[in-house]
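The values are calculated or read from the model by the stated rules, or taken from the named source; none is laboratory data. Just so it is clear, the model here is predicted, and its values are computed rather than measured. Backbone-built Cβ (ideal geometry, glycine too); neighbour counts: all protein chains shown.
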Amino acid sequence: MDFSDLEKMCERAACFTCSKRKLFISALTLVLCGLLVVFAMGLSLAASEWVTLSLAFLPFFLCGSLLIVLGVIVIRMYHDEVKNKEVNTGLIVSKSWEYLITSSYFFLPIVLTYLFLWVVLGLFFILKEIPAVGDFFGVILAFGPFLLLLGSLLLCVATIFLIFVVSPILALKRISGHELMQYVQNMIFLRVFLRISLFFVSLIPLAFTALLLFIAAHLTTNLYVVSGSHTQMVLQWFFIMIPFAVFLSPALVFFFNMAAETHICIQKNNQ
């Protein structure tokens, strides 16, 4: 694979990004994920630091299953569009939701791993609150929370990479259950450098768009504060989240289109 092949893949993925149906389904799914995030943020307003950390990461992992289903829908539509076939959106959507349970095979271990890290992190918070010696433990054992939070962030990256790998497999190959897990394990380590390189290429529009939207949302919530009431703050986040999801959807569709291109490219190079 050379640069001209990469250029063709990106151009094809970008060309089929601006589809009203795919953008609508993506925005709707992101709004559902946003509702979960806003709900967690609302709960964290009156929670301790330890609980706030769990509410910051846990919705991200729980949204993974929804995003895989979205990826299956978008990739199947993309596959039909590239082949110049008629896209039956209703049929694709109705057959894709069955993978919501299948995707739990991959995200349940991630959620359980994160919960384990969170519980261990709670022990460091308890040690820090011990009278007289709490500050000493807080200083000496500061590396513990650092490593645990680093592990949580790495789990977030692993979640995004798993969505990138699993979505096209579910969309383009009829496998389920334990065979699917074994196939995914084999595929992850197949042409791994090429896959990771294309993964980062597909993330560029998504990361850039998300960064701009997060900055705008942060400035809005800090400079345009309606009230200190928790209810009004949650409602403010909710109404910011809706355009946030709409503007993020094109970059997400491109991400899934590139996931399909990557899967097909690796399959061809492996033949």
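Quick one: would you say residue 103 is touching a residue at least 40 places away in the same chain (Cβ under 8 Å), of a type in the set (Gly, Ala, Ser) and touching a helix residue (DSSP H, G or I) at 6+ places or on another chain (Cβ under 9 Å)? So residue 103 passes the test.
When we screen 70, 23 for residues that are under 17 Å from residue 259 (Cα atoms), among the hydrophobic types (A, V, I, L, M, F, W, C), surrounded by fewer than 18 Cβ atoms within 10 Å (Cβ to Cβ) and touching a residue at least 60 places away in the same chain (Cβ under 8 Å), the only hit is 23.
Selection of first residues in segment 1-20 that are over 21 Å from residue 267 (Cβ atoms) and of second residues that are not in a helix (DSSP H, G or I), restricted to Cβ pairs under 9 Å at least 6 apart or on distinct chains, gives the following pairs, ordered by first then second residue: 19/87. Of all the criteria given as (1) over 28 Å from residue 6 (Cα atoms); (2) loosely packed, with under 13 Cβ neighbours inside 10 Å; (3) modelled with pLDDT under 90; (4) not basic (Lys, Arg), the one not satisfied by residue 221 is (2). For residue 26, the criteria (1) under 30 Å from residue 121 (Cα atoms); (2) touching a Phe, Trp or Tyr at 6+ places or on another chain (Cβ under 9 Å); (3) among the hydroxyl-bearing types (Ser, Thr, Tyr) hold in every case but one, which is (1). Scanning segment 73-100 for residues that are without any contact (Cβ under 8 Å) to a residue 24 or more places away in the chain and either surrounded by fewer than 19 Cβ atoms within 10 Å (Cβ to Cβ) or in contact with a Ser or Thr (Cβ under 8 Å, 6 or more places away or on another chain) (or both) yields a count of 11.
If the condition is being modelled with pLDDT of 80 or more and out of contact with any Leu (no Cβ under 6 Å at 6 or more places or on another chain), then segment 36-50 contributes 36, 37, 38, 39, 41, 42. Scanning segment 141-164 for residues that are without any contact (Cβ under 8 Å) to a residue 40 or more places away in the chain and part of a helix (DSSP H, G or I) yields 143, 144, 145, 146, 147, 148, 150, 151, 153, 154, 157, 161. When every residue of segment 29-40 is checked against the conditions, none turns out to be touching a residue at least 40 places away in the same chain (Cβ under 8 Å), buried (at least 18 other Cβ atoms within 10 Å of the Cβ) and over 21 Å from the mean Cα position of the chain (by Cα). Looking at segment 168-183, can you tell me whether even one residue there is under 21 Å from residue 257 (Cβ atoms), modelled with pLDDT of 90 or more and assigned to a helix (DSSP H, G or I)? No, segment 168-183 contains no residue that is under 21 Å from residue 257 (Cβ atoms), modelled with pLDDT of 90 or more and assigned to a helix (DSSP H, G or I). Do we find a residue being surrounded by fewer than 18 Cβ atoms within 10 Å (Cβ to Cβ), within 23 Å of residue 161 (Cβ to Cβ) and modelled with pLDDT under 85 anywhere in segment 256-267? Yes, there is a match, as at least one residue in segment 256-267 is surrounded by fewer than 18 Cβ atoms within 10 Å (Cβ to Cβ), within 23 Å of residue 161 (Cβ to Cβ) and modelled with pLDDT under 85. Exactly one residue out of 150, 121 is aliphatic (A, V, I, L, M), surrounded by 14 or more Cβ atoms within 10 Å (Cβ to Cβ) and at pLDDT 80 or above, and it is 121.
In segment 194-235, the residue that is nearest to residue 261 (Cα to Cα) out of those that are among the hydroxyl-bearing types (Ser, Thr, Tyr) and in contact (Cβ under 8 Å) with a residue 24 or more places away in the chain is 202.
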